[in-house]
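Participant: This is the structure, below, for whatever I ask next.
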Amino acid sequence: MATVLITGANRGIGLELAKQYAAAGHEVIATARNVDAADELAATGAKLLPLNVADDASRDAFVAAIGDQPIDVFINNAGIGGAEGDDPEGWLNTLMVNTVAPSMLAQALKANVASSEQKKLIAMSSTLGSIAMNDSGGMMRYRSSKAALNAAWQSLAIDMRDDGITVATLHPGWVQTDMGGPNASITTPESASGLIQVIDALTFDETGAFKDYTGKALPW
């Protein structure tokens, strides 16, 4: 049985990941900004911890609550879509939530991951963060935040080699969530099932990988 930590697990892909990992018998630690309103998440049997990734005090309290518990699989799922606009504060907030916070949490809990058996550190990214695949433009805030996440986590993969930690960024597909919309191509159970299979199959030789939920390698 593995210990799996999932941020942003109160809805969408995060919630479905918590459901499937818990159903498979793993110990799940899941976060939500308001744990009192996360009834569906609580029903999975996961241990709930409050976390607002954009708030320094909340992140510090979360790290303190984890303590020295080993974490086999740490999935940084919390994120926002980042609506377009002219205000720089909105763009900076998108970068904070989607790029800076996951990278800071990964570093803060490095010892927890390193002390586990699986030693896997995962971030939910997107093909929209791929510069090579951008042939339509638009969505500058979201694209730049995910491209920056990919760059930061490539550095983490290199920096954490000596700790034996496998680092990867994964694209969950175009999923029928609040963010993806009802016309998306796959359901949340399909995405989560694929992601879990990819995570299970990841080896240390693949650290730094950028893949989709089917295991296909993606261009940067």
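Participant: In the range 43-186, with Lys and Arg counted as +1 and Asp and Glu as -1 at Cβ, which of these residues, Leu109, Asn134, Ser185, has the Cα nearest the positive end of the dipole, that is, farthest along it?
Facilitator: Of the candidates, Ser185 comes out farthest on the positive side.
Participant: Between Arg161 and Leu92, what is the FRET efficiency for a Förster distance of 41 Å, r being their Cβ-Cβ separation, to the nearest 0.05?
Facilitator: On the way: r = 31 Å, r/R0 = 0.75.
Result of the calculation: an efficiency of 0.85.
Participant: Using the Cα centre as the reference, give the magnitude of the dipole from point charges on the C-beta atoms of the chain (Lys, Arg: +1; Asp, Glu: -1; all else neutral), rounded to the nearest 20 debye. Please list the in-between numbers first.
Facilitator: Values: 14 positive and 25 negative charges, 54 e Å.
Here the chain has a charge dipole of around 260 debye.
Participant: Fully extended, how many nm does the chain gain between Gln107 and Lys47 (0.36 nm per residue separation, minus their Cα-Cα distance)?
Facilitator: 19.4 nm
Participant: Among the lysines, which fall within straight-line cross-link reach of Lys146, defined as a Cα-Cα distance under 19 Å, with same-chain neighbours fewer than 8 residues apart omitted?
Facilitator: By straight Cα distance, Lys146 reaches Lys211, Lys216.
Participant: Considering only the other residues whose Cβ falls under 14 Å of the Cβ of Leu202, what net charge follows from Lys and Arg at +1 and Asp and Glu at -1? Kindly include the intermediate steps, with their values, before the conclusion.
Facilitator: Details: positive: Lys119, Lys120, Lys211, Lys216; negative: Asp72, Glu117, Asp200, Asp205, Glu206, Asp212.
Net of charged neighbours comes to -2.
Participant: Here's something else I'd like to know. Would you kindly state how much longer the chain becomes between Ala132 and Ala57 on full extension, computed as 0.36 nm times their sequence separation minus their alpha carbon distance, in nm to one decimal? Could the numbers behind the result be given before it?
Facilitator: Working: separation 75, 0.36 × 75 = 27.00 nm, distance 3.68 nm.
Gain on extension, Ala132 to Ala57, equals 23.3 nm.
Participant: Just name one of Gly164, Val4, Leu202: the one whose Cα is farthest towards the positive end of the charge dipole of the chain (beta-carbon charges, Lys/Arg +1, Asp/Glu -1).
Facilitator: The residue sitting farthest along the positive end of the dipole is Leu202.
Participant: Still on this model: Out of residues 5 or more away from Ala2 or on other chains, whose amide H comes under 5 Å of its own, with H placed 1.01 Å from N in the peptide plane?
Facilitator: For Ala2, whose amide H was placed from the backbone, the distant partners under 5 Å are Glu27.
Participant: Among Tyr142, Tyr21, what is the fewest-to-most ranking by other Cβ atoms within 10 Å? It would help to have the intermediate numbers written out before the result.
Facilitator: Working: Tyr142 22, Tyr21 25.
If I rank by nearby Cβ atoms, fewest first, I get Tyr142, Tyr21.
Participant: Looking at the chain as a GNM with Cα springs under 10 Å, which of Asn52, Asn34, Asn112 has the largest mean-square fluctuation?
Facilitator: Answer for the Gaussian network model of the chain: Asn34.
Participant: With springs connecting C-alpha atoms under 10 Å apart, model the chain as a Gaussian network and identify which of Ile66, Ile199, Ile122 has the largest mean-square fluctuation.
Facilitator: Ile66
Participant: By the scheme Lys and Arg +1, Asp and Glu -1, what is the net charge of all other residues having a beta-carbon under 14 Å from that of Val97? Mind showing how you got there, number by number?
Facilitator: Working: positive: Arg33, Arg59, Arg141, Lys146; negative: Asp55, Asp56, Glu89.
Result for the neighbourhood of Val97: +1.
Read-outs throughout are calculated quantities, based only on the coordinates presented, and are distinct from any laboratory measurement. Model, not experiment: these values are computed from the prediction. Virtual Cβ from ideal backbone geometry, glycine too; neighbours counted across all protein chains shown.
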